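**Q** This structure is in structure tokens; I'll ask about it shortly.
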Amino acid sequence: MLDLTVMNKTIIQFVTICFIIPISICWGQQTIPVDRKAWLEDLEFLEHSVSKIFPDFESHQGSGLFLQELSDLRADVPTLSPKEIVFRIQKAMGALGDEGCSILPFQEVLETTILPISLYSFEDGWYICDAKDKALVGQRVLGMDGRSMGEVYDMMKPYLNADNVHYQERLFAVYGIVPDMLRSSGLEGADTAVQLQIAGDREILLEAGPLSEYTSLDRKLPNDGHFQLNQKNHANENYWLEYIPNSETMYVQLQQISNNEEGPSFKKFVGLVADGISTGKAKKIILDVRYGGGGNGFKLKPLTDLLRDSEQINQDGNLVILTSKATKGTLLELVSLLTLNTQAVVIGEPTGEGPNTVGDVRVVQMPNSKIKVSLTSIFWPTSWEIDKRSTLEPHVEVTFTIGDYLNGEDPWLNAATAYVGSRQLAVMDTAIAEQLSGTYDVHDRKVKLSWEDNQFTMQMGRRIKSFFEFKAKLFPKSEGVLASTIEGVDLHYKRLDSGQVALLYLDWKGTKMDMNRK
């Protein structure tokens, strides 16, 4: 995915969705009076733009709901304020199920304010990680304006445009402290303040302020730009690496696949990773992609090829990937590709997107209100089109509690350093491998089965405008079934009366796919 991102670190921290939205969308617009007729023209312009730009709009499962939401909004325009119209547009675009289709609330034309607190959803509840009033740090938030956090979250869901519930939760940490959005969702209260219900039977009326008060806060999530094990600071770096003290483990953090402003380019950075592997200094790699998502997906292949082709790293337990509900975009593509081409173990939380993502943001400006809207325009698959997963599940889940946070613990890193590979690939029957070797047509793609150097592999190369490729080892699972090193992907075959074997189908995560020998 090629994201149009020119954002500084403070904006990236306030909400991950901004990885794909240029800063000019949020600032620099002038307030323009818009009458009812002008709003209707803007809605017509928006409908036309979405239908032309969003990939496969007519066949998309959410297109009907989007059009219905716009139709309902047209009827309600005379009774709504400009802000209510804008957030109803946000709700309508949510039907497309893509976080890149959105109106950010922080536009000058809206004069949006936000509470000066930083929230995070821990395993044991919503807590304040940082605040303008430092006395609030570490406090648990039970509700807002008389409603529980669960109720408020449910009310806000239609305005949290995302691919899945995991990223919606991520967005709620920001949009849920914007009074204008809370009021648009139906939560009653003051225009510029929110009554917080705090654990211990306390209530605090918190006044909203400018965005700058929010972006100055720091959630201090574990190892986010600051490697705790050796106290190295990597603030504002898109990528960096360190070694776990007293070990042969390289820790690599990627927040964006774009060149750093200073230091080596991403291409040269991959070379540094390669040097660590070739010299034997790095026997294990922990790849941390918890905190980002933007960048250029075409830069990934040298890295994925390096990790795939390294006999040392491409072993169970020697390549570990750390994910969170904020993992999306180009970094999500990286995770997907590595799970298809290596024996990587994913540790953490379900990701914010699935393997087939829509990216490459285009920005359109409605002609009368001058409000800018982001729309995704290109489909970037890293799996078969039939693969409808909206998230990538980790192999090993972690939980993150407020106790971990306050004690400076990183359960992701703890699990990664403790993980020891145990997978043993069964010995392949040479006769079966040789008989099944060949090139097959699978959904208009060519998949090659090869028996070389006592290894049976399944491989498919990528196409133009697609990052989807895989290379996996095959080994016996049960009679008539060969498992692969891709979780949930098996080959089924049958024995003929002649004693020969013939391929039946490819089972791709529960979907049967015909394989026709060429």
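The values are calculated or read from the model by the stated rules, or taken from the named source; none is laboratory data. All of these numbers come straight from a predicted model, not from anything done at the bench. Backbone-built Cβ (ideal geometry, glycine too); neighbour counts: all protein chains shown. SASA here: full protein model, heavy atoms, side chains in, ligands and nucleic acids out. Shrake-Rupley method; radii C 1.70, N 1.55, O 1.52, S 1.80 Å.
**Q** Just for the range 403-431: of the residues that are of a type in the set (Asp, Glu) and buried (at least 18 other Cβ atoms within 10 Å of the Cβ), which one is farthest from the chain's Cα centre (by Cα)? First the steps, then the outcome.
**A** So the first thing to find is which residues in the range 403-431 are of a type in the set (Asp, Glu), and the list is 404, 409-410, 429.
Now narrow it down to the ones that are buried (at least 18 other Cβ atoms within 10 Å of the Cβ): 404, 410.
Working: 404: 23, 410: 20 Å.
Among residues in the range 403-431 that are of a type in the set (Asp, Glu) and buried (at least 18 other Cβ atoms within 10 Å of the Cβ), the one farthest from the chain's Cα centre (by Cα) is 404.
**Q** Shifting gears a bit: Do we have residue 235 as in contact with a helix residue (DSSP H, G or I) (Cβ under 8 Å, 6 or more places away or on another chain), at negative phi, surrounded by fewer than 21 Cβ atoms within 10 Å (Cβ to Cβ) and at pLDDT 95 or above here? Even if it seems obvious, please write down each step before you answer.
**A** Details: in contact with a helix residue (DSSP H, G or I) (Cβ under 8 Å, 6 or more places away or on another chain): yes; at negative phi: yes; surrounded by fewer than 21 Cβ atoms within 10 Å (Cβ to Cβ): yes; at pLDDT 95 or above: no.
Against the criterion (in contact with a helix residue (DSSP H, G or I) (Cβ under 8 Å, 6 or more places away or on another chain), at negative phi, surrounded by fewer than 21 Cβ atoms within 10 Å (Cβ to Cβ) and at pLDDT 95 or above), residue 235 does not qualify.
**Q** Still on this structure, I have one more. Starting from the range 428-450, keep only residues that are at positive phi, then list their pairs with residues that are in a strand (DSSP E or B) whose Cβ atoms are within a distance under 7 Å, requiring at least 6 positions of separation or different chains.
**A** Partner pairs satisfying both residue conditions: 438/449; 438/517; 443/513.
**Q** Mind counting the residues in the range 488-518 that are part of a loop (DSSP other than H, G, I, E, B), in contact with a strand residue (DSSP E or B) (Cβ under 9 Å, 6 or more places away or on another chain) and at negative phi?
**A** Pass one, the range 488-518, residues part of a loop (DSSP other than H, G, I, E, B): 488, 496-500, 509-510, 515, 518.
Adding the requirement that they be in contact with a strand residue (DSSP E or B) (Cβ under 9 Å, 6 or more places away or on another chain) leaves 488, 496, 509, 515, 518.
Subsequent filtering for residues that are at negative phi retains 496, 515, 518.
Matching residues across the range 488-518 total 3.
**Q** Could you list, ordered by first residue, the pairs with Cβ atoms under 6 Å in which the first is in the range 88-114 and among the hydroxyl-bearing types (Ser, Thr, Tyr) and the second is in a loop (DSSP other than H, G, I, E, B), at least 6 apart or interchain?
**A** 102/161; 112/105; 112/106; 113/192; 113/208
**Q** Give me the residue from the range 275-288 that is outside any loop (DSSP other than H, G, I, E, B) and hydrophobic (A, V, I, L, M, F, W, C) and, out of that set, most open to solvent (accessible area, probe 1.4 Å).
**A** First, pick out the residues of the range 275-288 that are outside any loop (DSSP other than H, G, I, E, B): 275-278, 284-288.
Subsequent filtering for residues that are hydrophobic (A, V, I, L, M, F, W, C) retains 277, 285-287.
Working: 277: 26, 285: 4, 286: 0, 287: 6 Å².
If we take residues in the range 275-288 being outside any loop (DSSP other than H, G, I, E, B) and hydrophobic (A, V, I, L, M, F, W, C), then 277 is most open to solvent (accessible area, probe 1.4 Å).
**Q** Also, I was wondering about something else. So, residue 364, is that one under 22 Å from residue 92 (Cβ atoms), in a strand (DSSP E or B) and of a type in the set (A, V, I, L, M, F, W, C) or not? If you could, list the steps in order and put the result at the bottom.
**A** Numbers: under 22 Å from residue 92 (Cβ atoms): yes; in a strand (DSSP E or B): yes; of a type in the set (A, V, I, L, M, F, W, C): yes.
Taking the combined requirement at face value, the residue satisfies it.
**Q** It is to be established whether one or more residues within the range 63-81 are surrounded by fewer than 20 Cβ atoms within 10 Å (Cβ to Cβ), touching a residue at least 60 places away in the same chain (Cβ under 8 Å) and not charged (D, E, K, R).
**A** Looking through the range 63-81, none of the residues is surrounded by fewer than 20 Cβ atoms within 10 Å (Cβ to Cβ), touching a residue at least 60 places away in the same chain (Cβ under 8 Å) and not charged (D, E, K, R).
**Q** Among the residues of the range 33-79 satisfying the criterion of being in a helix (DSSP H, G or I) and small (Gly, Ala, Ser), which is nearest to the chain's Cα centre (by Cα)?
**A** We begin by selecting, within the range 33-79, every residue in a helix (DSSP H, G or I); these are 36-53, 63-79.
Filter once more, so that each one left must be small (Gly, Ala, Ser): 38, 49, 51, 63-64, 71, 75.
Details: 38: 36, 49: 25, 51: 24, 63: 22, 64: 25, 71: 31, 75: 35 Å.
Applying the filter and picking the extreme gives 63.
**Q** If you don't mind, another one. In the range 432-468, which residues are within 27 Å of residue 296 (Cβ to Cβ), outside any strand (DSSP E or B), open to solvent by 10 Å² or more (accessible area, probe 1.4 Å) and at pLDDT 95 or above?
**A** 461
**Q** Sticking with this structure for a sec: Sort through 359, 354 and tell me the only one that's of a type in the set (Gly, Ala, Ser), crowded, with 21+ Cβ neighbours inside 10 Å, under 28 Å from residue 462 (Cα atoms) and out of contact with any Cys (no Cβ under 8 Å at 6 or more places or on another chain). Break it down stepwise before answering.
**A** Numbers: 354 fails: crowded, with 21+ Cβ neighbours inside 10 Å.
Of the residues listed, the single one that is of a type in the set (Gly, Ala, Ser), crowded, with 21+ Cβ neighbours inside 10 Å, under 28 Å from residue 462 (Cα atoms) and out of contact with any Cys (no Cβ under 8 Å at 6 or more places or on another chain) is 359.
**Q** Determine, yes or no, whether residue 356 is more than 17 Å from residue 289 (Cβ to Cβ), touching a Leu at 6+ places or on another chain (Cβ under 7 Å) and among the polar types (S, T, N, Q). Don't jump to the end; show me each part of the working.
**A** Working: more than 17 Å from residue 289 (Cβ to Cβ): yes; touching a Leu at 6+ places or on another chain (Cβ under 7 Å): no; among the polar types (S, T, N, Q): yes.
No, not satisfied.
**Q** Which numbered condition in (1) small (Gly, Ala, Ser); (2) modelled with pLDDT under 95; (3) surrounded by fewer than 24 Cβ atoms within 10 Å (Cβ to Cβ) is the only one that residue 317 fails?
**A** (2)
**Q** Can you say whether residue 471 is assigned to a strand (DSSP E or B) and surrounded by 15 or more Cβ atoms within 10 Å (Cβ to Cβ), as far as the supplied structure shows?
**A** Numbers: assigned to a strand (DSSP E or B): yes; surrounded by 15 or more Cβ atoms within 10 Å (Cβ to Cβ): yes.
Against the criterion (assigned to a strand (DSSP E or B) and surrounded by 15 or more Cβ atoms within 10 Å (Cβ to Cβ)), residue 471 qualifies.
**Q** If you don't mind, another one. Looking only at the range 499-515, count every residue that is open to solvent by 80 Å² or more (accessible area, probe 1.4 Å) and either farther than 17 Å from residue 459 by Cα or modelled with pLDDT under 95 (or both) and tell me the total.
**A** So the first thing to find is which residues in the range 499-515 are open to solvent by 80 Å² or more (accessible area, probe 1.4 Å), and the list is 500, 512, 514.
With the extra rule that they be either farther than 17 Å from residue 459 by Cα or modelled with pLDDT under 95 (or both), the set shrinks to 500, 512.
Matching residues across the range 499-515 total 2.
**Q** Just wondering, is there one or more residues in the range 332-339 that are over 17 Å from the mean Cα position of the chain (by Cα) and either acidic (Asp, Glu) or open to solvent by 10 Å² or more (accessible area, probe 1.4 Å) (or both)?
**A** Narrowing the range 332-339 to residues over 17 Å from the mean Cα position of the chain (by Cα): none.
Among the residues of the range 332-339, not one is over 17 Å from the mean Cα position of the chain (by Cα) and either acidic (Asp, Glu) or open to solvent by 10 Å² or more (accessible area, probe 1.4 Å) (or both), which makes the answer no.
**Q** Do you know which residues across the range 289-316 are part of a loop (DSSP other than H, G, I, E, B), farther than 23 Å from residue 260 by Cα and touching a residue at least 60 places away in the same chain (Cβ under 8 Å)?
**A** Here is the first cut: in the range 289-316, the residues part of a loop (DSSP other than H, G, I, E, B) are 289-293, 300, 310-316.
Adding the requirement that they be farther than 23 Å from residue 260 by Cα leaves 310-316.
The answer is 315, 316.
**Q** How many residues are farther than 28 Å from residue 442 by Cβ and either at pLDDT below 95 or of a type in the set (Val, Ile, Thr) (or both) when one looks only at the range 378-402?
**A** The first filter runs over the range 378-402 and keeps only residues farther than 28 Å from residue 442 by Cβ, leaving 396-402.
Cutting the leftovers down to either at pLDDT below 95 or of a type in the set (Val, Ile, Thr) (or both) gives us 396, 398-399, 401-402.
Number of matching residues: 5.
**Q** Here is a list: 343, 312. Which entry is open to solvent by 10 Å² or more (accessible area, probe 1.4 Å) and either among the aliphatic types (A, V, I, L, M) or under 26 Å from residue 388 (Cβ atoms) (or both)? Quick ask: steps written out before the conclusion?
**A** Values: 312 fails: either among the aliphatic types (A, V, I, L, M) or under 26 Å from residue 388 (Cβ atoms) (or both).
That would be 343, the only listed residue that is open to solvent by 10 Å² or more (accessible area, probe 1.4 Å) and either among the aliphatic types (A, V, I, L, M) or under 26 Å from residue 388 (Cβ atoms) (or both).
**Q** OK, next. Name the one entry in 272, 254 that is buried (at least 18 other Cβ atoms within 10 Å of the Cβ), over 26 Å from residue 176 (Cα atoms) and either acidic (Asp, Glu) or at pLDDT 95 or above (or both).
**A** Working: 272 fails: buried (at least 18 other Cβ atoms within 10 Å of the Cβ).
Sole residue among the options that is buried (at least 18 other Cβ atoms within 10 Å of the Cβ), over 26 Å from residue 176 (Cα atoms) and either acidic (Asp, Glu) or at pLDDT 95 or above (or both): 254.
**Q** Additional query: Looking only at the range 155-206, which residues are outside any loop (DSSP other than H, G, I, E, B), of a type in the set (A, V, I, L, M) and open to solvent by less than 30 Å² (accessible area, probe 1.4 Å)? Give the derivation first.
**A** Taking the range 155-206 first, the residues outside any loop (DSSP other than H, G, I, E, B) are 155-159, 165-175, 179-184, 193-198, 202-206.
Next, only the ones that are of a type in the set (A, V, I, L, M) stay: 155-156, 165, 171, 173-174, 181-182, 193-194, 196, 198, 204-206.
Correct list: 156, 171, 173, 174, 181, 182, 193, 194, 196, 198, 206.
**Q** Would you check if residue 424 is of a type in the set (S, T, N, Q) and free of Cβ contacts under 8 Å to residues at least 40 places away in the same chain? Walk me through how you get there before you give the answer.
**A** Numbers: of a type in the set (S, T, N, Q): yes; free of Cβ contacts under 8 Å to residues at least 40 places away in the same chain: yes.
In short, yes.
**Q** Which ones in the range 92-105 are part of a helix (DSSP H, G or I) and surrounded by fewer than 23 Cβ atoms within 10 Å (Cβ to Cβ)?
**A** If we filter the range 92-105 for residues that are part of a helix (DSSP H, G or I), which is where we start, we get 92-96.
Selection gives 95 alone.
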